[in-house]
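Written below as C-alpha cells is the structure these notes are about.
The values are calculated or read from the model by the stated rules, or taken from the named source; none is laboratory data. As the structure is a computational prediction, the values presented were derived from the model and not from experiment. Cβ: placed from backbone, ideal geometry, glycine included. Neighbour counts: every protein chain shown. Surface accessibility is based on the protein's heavy atoms, side chains included, excluding ligands, DNA and RNA. Shrake-Rupley method; radii C 1.70, N 1.55, O 1.52, S 1.80 Å.
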Amino acid sequence: MANGPENPLLSTARASDTSPTIQLHPLVLLTISDSITRHTLRQQAGPIAGAILGQQNGQEITMEVAFQAKLQSNDDGEVVLDDEWFSKRVEDFKDVHKQPQLDLVGWFTLGPATGPETHHLPIHSRISELYTESPILCLFHPEDAPSEATAAGKLPLTLYESVYENATGGPNDRTMDIDGASQSRALKFKELVYTIETGEAEMISVDFVARGGGNATAVEGTSASAAKKKEAKAEEDKSTNGKGKGKQKEKPKEEAIDVDAVLTADDEEVLSTLTAKMNAIRMLSRRISLLRAYLASLPPSYLSDPSLPLIPTPSADHPLPLNHSILRSISATLARINILSPPDSTAFTLESQQESSDVQLVALLSSITNSVSAAKDFGRKSYIVDSGRHQSRKGGWGIGGGMSNDYGSAANAYYDPILEATGGRGGGGKFGVERW
C-alpha cells in the first residue's frame, strides 16, 4: 500500500445497522502479544498471522481464543497459510472447546494504522474461501504501542470486516446490469467498533501476566547480544596477553547474595498490587488533566457573563466549539462524586462511630453472659467435688442424697439476678442440681 492519505482497500460506504458487534476477550490480546514477543526475540523473518476462534450469534461475534498460524510462500512469492497444518490446528481447537462450541471467526496480523495492505489479501481470501464467508481482520499496530494514546488505555489495534463493492462505481452505486452482464466486484475492508469482554477464568491469566510484568526485564536480540559478548571477550584477551602470567588481572570475586534482599511470594504480590494501583492512579491523573485542558480551551459561557451569546464562536484563544454531550457527561461524573465522598463528613463520621459502638457493646454483653455462665458451671462442679470429699471422709454417701439443696438455693439466689440482667436465662429457670 502506498503511503498516500487514502487507503484503496478501505471502504467508503456509510455505516449501517447490519455491521456485526464484536466482543474481544483478553486471551486473544495475550496470544498476539506472545506471538510478537517470540517472533522478535528469535529474530525470525516474515509476517505474523494467526487464527481467532469464537462464537457468532446473528450480528454478535465473540473473539475468545487465538493461535499463531504456520505460514509459507507459494510459487508467486506470496505468503499464504499452510492449509494442512492450519486445518488440523483448527479442528484440534474445536475438539477442545466444545462447550460452548467455538468456530473460526477471524484472523490477526500486523499492519499500519492506515489499514490493511495488499499482502494481507491472499490469507484473507483463503480463510474466506475455506472456513467462514466474512472473516474479521484484527490488525495490530506495533508502531502505536509506545504512543501516548496506548498509555492512556487505547489498544493499538483495529478490527475490519470484509465487504465486496463494485470496482468501477461507488459503494452506493445502483447501476443495473445490462443484458445480464455482471460487474466486477473488489474486496474492501470496513472498520468495526469493538468492546472488551472478560470472563472469570480469563482474569487468572490477566492477573498472572500483570504480576509478571512488574518483574519483567528488557532482553536484547540474540545476534546483538552475541556480538557484544564477542567484542568484550576480545578486549579482555588483548589486555591479558601483553602481561605476564604473574601479572594477569585477577577476576573479581562474586559477591554473596543477600538473602534479605530476595523478594518472597507475599512481597511480590504486594509489589504487583501497588504497581497496579499506581498505574490506575496515573491513568486517572492523565484523564483528569485531559478534562481540565478541554474545559480550559472552551470559550467563556453565558452563565458567567450574561452579555455573551448562547452559542459562542471559536477563537484563537478558545479553538474548540461547545459539545453539550461531553459537558453533560462531565457534569454527571461530578455529580457522582458525592456518592463516593459524602459532603457532610462530620455527620457521616458520627454515624459510623455510633454503629461501631453498638457492635462493640453487643459483643461486650455477649462476653459477660458467657463469663457468668462459665462461673455458674464452675461453682456447680466445685460444689460436687467438695461434697464428694466431705462424704468420703464420713465413710460414703448415697447416690440420691449426695447433694443438698442448700447450695442450689444459694447459687440460684446469687446467679439468677445476674443472668436475668444479662439475658443469659431465657425465663429465669431454677439453678440447682436437678440436671444432675
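Multiplying the residue separation of ASP75 and GLU6 by 0.36 nm and subtracting their alpha-carbon distance yields 21.8 nm.
Highest-first packing order for the peptide set 375-387, 130-142 is 130-142, 375-387, based on the mean count of other beta carbon atoms within 10 Å.
In the full protein context, segment 328-391 carries 77 Å² of accessible surface per residue, based on a 1.4 Å probe and ignoring ligands, DNA and RNA.
Under the combined filter of DSSP loop state and at most 15 neighbouring Cβ atoms within 10 Å, segment 32-70 retains these trypsin sites (Lys or Arg not before Pro): ARG42, LYS70. A straight chain from GLU143 to LYS94 at 0.36 nm per residue would run longer than the Cα-Cα distance by 14.3 nm. Taking all protein chains into account, the per residue accessible area for segment 1-100 stands at 61 Å² (1.4 Å probe).
Which percent of the accessible area of segment 280-356 is formed by carbon and sulfur heavy atoms (probe 1.4 angstrom)? If you can, show how the numbers build up before the last one.
On the way: 4110 of 6390 Å².
Ligands and nucleic acids excluded, carbon and sulfur give 64 percent.
Using 0.36 nm per residue and subtracting the Cα-Cα separation, the extra length available between LEU41 and ILE281 on full extension is 83.2 nm.
Loop-located trypsin sites (Lys or Arg not before Pro) in segment 286-370 (DSSP state other than H, G, I, E, B) with a sparse environment of at most 16 neighbouring Cβ atoms within 10 Å: ARG336. Let's test the formula: R0 of 56 Å, r as the Cβ-Cβ distance of VAL193 and ALA347. What FRET efficiency results, to the nearest 0.05? After rounding, the FRET efficiency stands at 0.80.
What is the percent carbon and sulfur in the accessible area of segment 1-116, measuring with a 1.4 Å probe over the protein chains and ignoring ligands?
Values: 3060 of 6540 Å².
Looking at segment 1-116 in its full context, I get 47 percent from C and S.
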